[in-house]
1. Inside region 114-153, can you point out the residues that are in contact (Cβ under 8 Å) with a residue 40 or more places away in the chain and of a type in the set (D, E, K, R)?
2. Please go through (1) over 20 Å from A17 (Cβ atoms); (2) under 18 Å from the mean Cα position of the chain (by Cα); (3) modelled with pLDDT of 85 or more for E141 and return the number of the only condition it doesn't satisfy.
3. For region 30-48, which residues satisfy the criterion of being open to solvent by less than 40 Å² (accessible area, probe 1.4 Å), modelled with pLDDT of 85 or more and not in a loop (DSSP other than H, G, I, E, B)?
4. Considering G95, G88, which residue is more than 17 Å from R41 (Cα to Cα) and either in contact with a strand residue (DSSP E or B) (Cβ under 9 Å, 6 or more places away or on another chain) or in a loop (DSSP other than H, G, I, E, B) (or both)?
5. Given the conditions (1) within 28 Å of A22 (Cβ to Cβ); (2) free of Cβ contacts under 8 Å to residues at least 24 places away in the same chain, which single one is not true for R50?
6. Of V111, V122, which residue is in contact with a Cys (Cβ under 7 Å, 6 or more places away or on another chain) and either open to solvent by less than 60 Å² (accessible area, probe 1.4 Å) or of a type outside the set (G, A, S) (or both)?
7. With the checklist (1) of a type in the set (G, A, S); (2) over 15 Å from A115 (Cβ atoms); (3) open to solvent by 40 Å² or more (accessible area, probe 1.4 Å) in hand, flag the one item A17 doesn't pass.
8. Working carefully through the options A27, A62, find the one that is modelled with pLDDT of 90 or more, more than 28 Å from S144 (Cβ to Cβ) and surrounded by 15 or more Cβ atoms within 10 Å (Cβ to Cβ).
Amino acid sequence: MTPGVLLPIPTCDPMVAFAPFAGGEGAVLLDSAAEAGGRGRWSYVCVRPRRVVLDPADPFAALEALAAGLPRRSVPPEAPPFTGGIVGWLGYEAGRHLERLPAPRADDLGVPEAAFGVYDTVAAFDTATGRAWACAPTRAEAESLADALGTTPLP
């Protein structure tokens, strides 16, 4: 297992934190329900994907291959539930890889059937406690993320 770095940073609205990255290649905001409690209290800004897979021939096989290649990162027990990994989405049409469905309609929007990114760099926001962290494989990468968010790491 490789060690992961959790760098405490000042908290802010995750949407504000995401703003500098919006429109950037592979940038993702996973915004929580905030009042839901439990894991629903967490929001994440995922940036700088190490790898991106768009519209694979078989999205489930692609996802399995990505997961098999993930390094295991050791993090302390107080770490957020997600400190890096695969983030993505599957469109409805991906279901045809699992079951027999009617032929799809013509794709008039040009939206990929699936998209996945492998993220090592994540800002995690606990909306219940008001705490936040820059999570990355190295301290330098965590500090770089904190800088890009416009924050200074907490002592």
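The values are calculated or read from the model by the stated rules, or taken from the named source; none is laboratory data. A quick note: this is a predicted structure, and the numbers were derived from the prediction, not measured. Note that each Cβ is placed from the backbone with ideal geometry, even for glycine, and that neighbours are counted across all protein chains shown. Accessible surface is based on the protein model in full, side chains and every heavy atom, while ligands, DNA and RNA are left aside. Shrake-Rupley method; radii C 1.70, N 1.55, O 1.52, S 1.80 Å.
1. Hits for region 114-153 are D120, D126, R131, R139, E141, E143.
2. (1)
3. Keep residues of region 30-48 that are open to solvent by less than 40 Å² (accessible area, probe 1.4 Å), which gives 32, 37, 40, 42-47.
Still in the list and also modelled with pLDDT of 85 or more: 32, 42-47.
Hits for region 30-48 are W42, S43, Y44, V45, C46, V47.
4. Working: G95 fails: either in contact with a strand residue (DSSP E or B) (Cβ under 9 Å, 6 or more places away or on another chain) or in a loop (DSSP other than H, G, I, E, B) (or both).
Testing whether each residue is more than 17 Å from R41 (Cα to Cα) and either in contact with a strand residue (DSSP E or B) (Cβ under 9 Å, 6 or more places away or on another chain) or in a loop (DSSP other than H, G, I, E, B) (or both) leaves just G88.
5. Only one criterion in (1) within 28 Å of A22 (Cβ to Cβ); (2) free of Cβ contacts under 8 Å to residues at least 24 places away in the same chain is unmet by R50, namely (2).
6. Working: V111 fails: in contact with a Cys (Cβ under 7 Å, 6 or more places away or on another chain).
Among V111, V122, only V122 is in contact with a Cys (Cβ under 7 Å, 6 or more places away or on another chain) and either open to solvent by less than 60 Å² (accessible area, probe 1.4 Å) or of a type outside the set (G, A, S) (or both).
7. Condition not satisfied by A17: (3).
8. Values: A27 fails: more than 28 Å from S144 (Cβ to Cβ).
Only one candidate qualifies: A62.
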